[in-house]
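Some notes on the structure that comes next.
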Amino acid sequence: MSDYRYYFCTDEAGASLGLDLLDRVFEDEGLPVATMEIDEDRKIWEVSIYAPGEPDETLRQRIAACVAADFPDAEIQLETFAETDWIAKSLEGLKPVRAGRFMVHGAHDRSAVRPHDLAIELEAGQAFGTGHHGTTAGCLEMIEIVMRAHPSGPCGVNPVLDLGTGSGVLAIAAAMLGPVQVLATDIDPVATRVARGNVRHNHAAAQVHCVTATGFHSTAFRDAGPFGLIIANILARPLMRMAPDIRRNLAPGGSVILSGILASQRWQVLAAFNGQGMRHVQTLWRNGWVTIHLK
């Protein structure tokens, strides 16, 4: 079995438009959309959708139809990859990442941990969240700010919900900061399994409970909540759709940390949560992405 991508070439403005067009259609299917500059001198960019398995002509036709109005001359091209653990390969060269007092690292970088670091050790897995992406690093920094600023200390936000946990790194971070119970959920059972392994590896299993759950339909939310802190590092549009459910599962006076949001999408997300009676407290900006704290 191979992994593959469909892509087309455009300029920088076209790449931004293409990313938005494809993201609207394919984000709920879990197909990553990406842009990349491939020729700086000629100002050529690529817009890509990555997919697992063998190439699918139906997917190519859907992509072509999605961009046809704005890119009538786009040639949808195909690139296939040999079966490779891309996450493991990419992590080989990654250096430790610091966000506030947190340091996220692999086993090969244990020697870089300083005495007062809150060190989270992750290895290659099949779930998002190594700390190297601006959204994950922003969330780590914001979690520390919010939990330490609570009048009752970190335990004042108990219990915590990590919605869309991925690797489990944010749930682990919350557990490291204080004696809180954390519900870590993901729609992907592979992510849940990876998160559970990382939680055990970082000695947080007594505090973090990992569950596979779609939306807020699982009884796990009712059993564990309402939550003093909800962390959701997903994508802007799903976050806006879930705003009413997030508000309903938040304890009175609780905090929400949102990320996975492009800077250009910030006002839309704020409007959705303002409509639920929540107010903006702080925004952190990292590499074109934002992390938002609301109450």
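The values are calculated or read from the model by the stated rules, or taken from the named source; none is laboratory data. Predicted, not measured: the structure shown is a model, and the values here were computed from it. Cβ placement follows ideal geometry from the backbone for every residue including glycine, while neighbour counts extend to all protein chains displayed.
Of all residues in the stretch 197-212, those satisfying the criterion of being closer than 22 Å to V157 by Cα and in contact with a strand residue (DSSP E or B) (Cβ under 7 Å, 6 or more places away or on another chain) are V199, N202, Q207, V208, H209, C210, V211. Filtering the stretch 240-261 to residues that are closer than 19 Å to S167 by Cα and modelled with pLDDT under 95 leaves S259, G260, I261. For the stretch 169-190, filtering for residues that are crowded, with 24+ Cβ neighbours inside 10 Å and at pLDDT below 90 leaves 1.
Of the numbered criteria (1) crowded, with 20+ Cβ neighbours inside 10 Å; (2) touching a residue at least 40 places away in the same chain (Cβ under 8 Å); (3) in contact with a helix residue (DSSP H, G or I) (Cβ under 7 Å, 6 or more places away or on another chain); (4) in a helix (DSSP H, G or I), the one I246 fails is (3).
Results for (1) at pLDDT below 90; (2) out of contact with any Pro (no Cβ under 7 Å at 6 or more places or on another chain); (3) assigned by TED's automatic domain parsing to the domain that holds S264, shown as yes or no for each residue.
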{"site": "T192", "(1), (2), (3)": "yes, yes, yes"}
{"site": "R196", "(1), (2), (3)": "no, yes, yes"}
{"site": "R200", "(1), (2), (3)": "no, yes, yes"}
{"site": "Q207", "(1), (2), (3)": "no, yes, yes"}
{"site": "C210", "(1), (2), (3)": "no, yes, yes"}
{"site": "S218", "(1), (2), (3)": "yes, yes, yes"}
{"site": "F227", "(1), (2), (3)": "no, no, yes"}
{"site": "N233", "(1), (2), (3)": "no, yes, yes"}
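Whenever a residue of the stretch 196-221 is surrounded by 18 or more Cβ atoms within 10 Å (Cβ to Cβ), its partners that are among the charged types (D, E, K, R) and assigned to a helix (DSSP H, G or I), lying with C-beta atoms within less than 7 angstrom and at least six residues away or across chains, give the pairs C210/R196; F216/D245.
Yes/no per residue for (1) among the hydrophobic types (A, V, I, L, M, F, W, C); (2) closer than 22 Å to M278 by Cα:
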position: T136; (1), (2): no, no
position: C139; (1), (2): yes, yes
position: M142; (1), (2): yes, yes
position: L161; (1), (2): yes, yes
position: G164; (1), (2): no, yes
position: L177; (1), (2): yes, no
position: R200; (1), (2): no, no
position: F216; (1), (2): yes, yes
position: T219; (1), (2): no, no
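Is it the case that the stretch 243-254 has a residue that's out of contact with any Phe, Trp or Tyr (no Cβ under 7 Å at 6 or more places or on another chain) and over 22 Å from I145 (Cα atoms)? First the steps, then the outcome.
As a first pass, look at the stretch 243-254 and keep what is out of contact with any Phe, Trp or Tyr (no Cβ under 7 Å at 6 or more places or on another chain): 244, 246-248, 252-253.
Going one step further and asking which of them are over 22 Å from I145 (Cα atoms), we end up with 244, 248.
Within the stretch 243-254, one or more residues are out of contact with any Phe, Trp or Tyr (no Cβ under 7 Å at 6 or more places or on another chain) and over 22 Å from I145 (Cα atoms).
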